[in-house]
Amino acid sequence: MFSGAITALVTPFSNGAIDTVSLRNLVNWQIEQGIDGLLACGCTGEAATLSNEEHRQVVRTVLEAAEGRVPVIAGTGTNDTASSVELSMETAALGVDAVLLITPYYNKPTPEGQIEHYTLVADAVDCPVILYNVPGRTGTNMLPEAIARLAEHPRIVAIKDAAGSAERVTAILNLCDITVLSGDDAIAMAQVALGAAGVISVVSNIAPAAMSELISNAAKGNLQEARRIQARMYPVIKAMFLETNPMPVKKSLAMMGRIQDELRLPLVSMKEEFVPELRRILEKADLI
């Protein structure tokens with residue numbers, strides 16, 4: 001159900017509020033460009049700074065704009081299990097195709113705590129659940145063995161793995177039957193070649209067609225074409241992390257005229273000293 005290139009959407013803001021017009025336009029453009037799915041309210045969407053009502057507003061807007069043309073996933077994980085259950089239930093009721101749950105951050109739970117956390121949420125919702133392993137943000141790495149135990153739950157169907165390791169795809173798939181989605185644009189092609197079903201991508205915010213083509217070719221075994229696209233996109237992928245995500249991708253979208261360059265504190269706009277390099281990279285890739 002979840003495969004190909006899925007965009008981890010930014011959340012556009014205007015004067016501190018959700019910019020629903022820009023968000024709708026972004027969703028429509030993404031789908032017109034051939035993206036395979038959309039994730040609302042992930043890390044790239046600054047979910048940690050959204051109130052529950054704003055979270056619902058973003059998800060409703062994305063669902064309404066998508067009109068069922070592609071799957072819509074919503075991030076609903078927090079570092080508190082009770083809050084994650086509540087937010088996941090509320091969001092599932094809106095009609096999303098899945099909820100995505102980040103490993104609880106700051107608390108650094110053990111594998112046993114992770115398993116209990118994810119199981120309680122999965123028990124509470126009536127839609128598919130996608131695990132999200134991102135040690136760079138959470139401070140802890142999910143073990144393949146813990147993932148395999150969670151994969152036994154009928155509603156836990158996939159994992160977005162952003163541990164920076166292509167090897168983990170093999171380690172996970174050797175232990176269980178679960179859909180693996182890359183969480184690292186730079187190695188997504190390699191992960192797909194090893195059996196991942198796709199990528200939940202940051203860079204596809206600005207290059208949905210290219211990322212969709214990259215993943216499609218890698219999945220079909222057209223590695224020469226995939227390598228060609230990877231080589232062209234690699235500088236853009238690296239540029240999206242010149243500073244903390246989503247600062248560079250929001251600056252890029254602003255350069256493209258698609259959103260305002262506005263973030264929620266504690267994130268601020270990308271440093272001006274990085275802007276000329278970012279502009280050069282985007283121009284070379286024919287993105288602006």
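Descriptive notes on the structure:
- Candidates are the residues of the stretch 198-227 that are buried (at least 18 other Cβ atoms within 10 Å of the Cβ), more than 13 Å from the chain's Cα centre (by Cα) and among the polar types (S, T, N, Q); the one that is farthest from V70 (Cα to Cα) is N217.
- Hits in the stretch 136-161 - residues which are modelled with pLDDT under 95 and either surrounded by 19 or more Cβ atoms within 10 Å (Cβ to Cβ) or touching a Pro at 6+ places or on another chain (Cβ under 9 Å) (or both): T138, T140, N141
- Pairs, first of a type in the set (G, A, S) in the stretch 52-71, second in a helix (DSSP H, G or I), C-beta under 8 Å, six or more apart: A65/L23; A65/R24; A65/V27; A65/N28; A66/V27; A66/I31
Conditions (1) of a type outside the set (S, T, N, Q); (2) more than 28 Å from A218 (Cα to Cα); (3) crowded, with 16+ Cβ neighbours inside 10 Å, marked per residue:
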| position | (1), (2), (3) |
| --- | --- |
| T7 | no, no, yes |
| S14 | no, yes, no |
| E32 | yes, no, no |
| A65 | yes, yes, yes |
| V70 | yes, no, yes |
| V85 | yes, yes, yes |
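- Taken over the stretch 217-257, the criterion of being within 20 Å of V192 (Cβ to Cβ) and β-branched (V, I, T) is satisfied by I229, V236, I237.
- The number of residues in the stretch 181-197 that are surrounded by 24 or more Cβ atoms within 10 Å (Cβ to Cβ) and within 22 Å of Y118 (Cα to Cα) comes to 4.
- Within the stretch 111-141, being of a type in the set (S, T, Y) and in contact with a Lys or Arg (Cβ under 7 Å, 6 or more places away or on another chain) holds for Y132, T140.
- Looking only at the stretch 34-51, and only at residues there that are in contact (Cβ under 8 Å) with a residue 60 or more places away in the chain and of a type in the set (S, T, Y), the one that is surrounded by the most Cβ atoms within 10 Å (Cβ to Cβ): T44
- Residue match in the stretch 186-194 (condition: closer than 25 Å to N28 by Cα and at pLDDT 95 or above): yes
- Selection of the stretch 83-101 for residues being without any contact (Cβ under 8 Å) to a residue 60 or more places away in the chain and either β-branched (V, I, T) or touching a Lys or Arg at 6+ places or on another chain (Cβ under 8 Å) (or both) yields V85, E90, T91, L94, V96, V99.
- Among residues of the stretch 151-192, those that are closer than 24 Å to A47 by Cα and of a type outside the set (K, R), counted: 17
The values are calculated or read from the model by the stated rules, or taken from the named source; none is laboratory data. These numbers come from a predicted model, not from an experiment. Methodologically, a virtual Cβ is constructed for each residue, glycine included, from the backbone with ideal geometry; neighbour enumeration extends over all protein chains shown.
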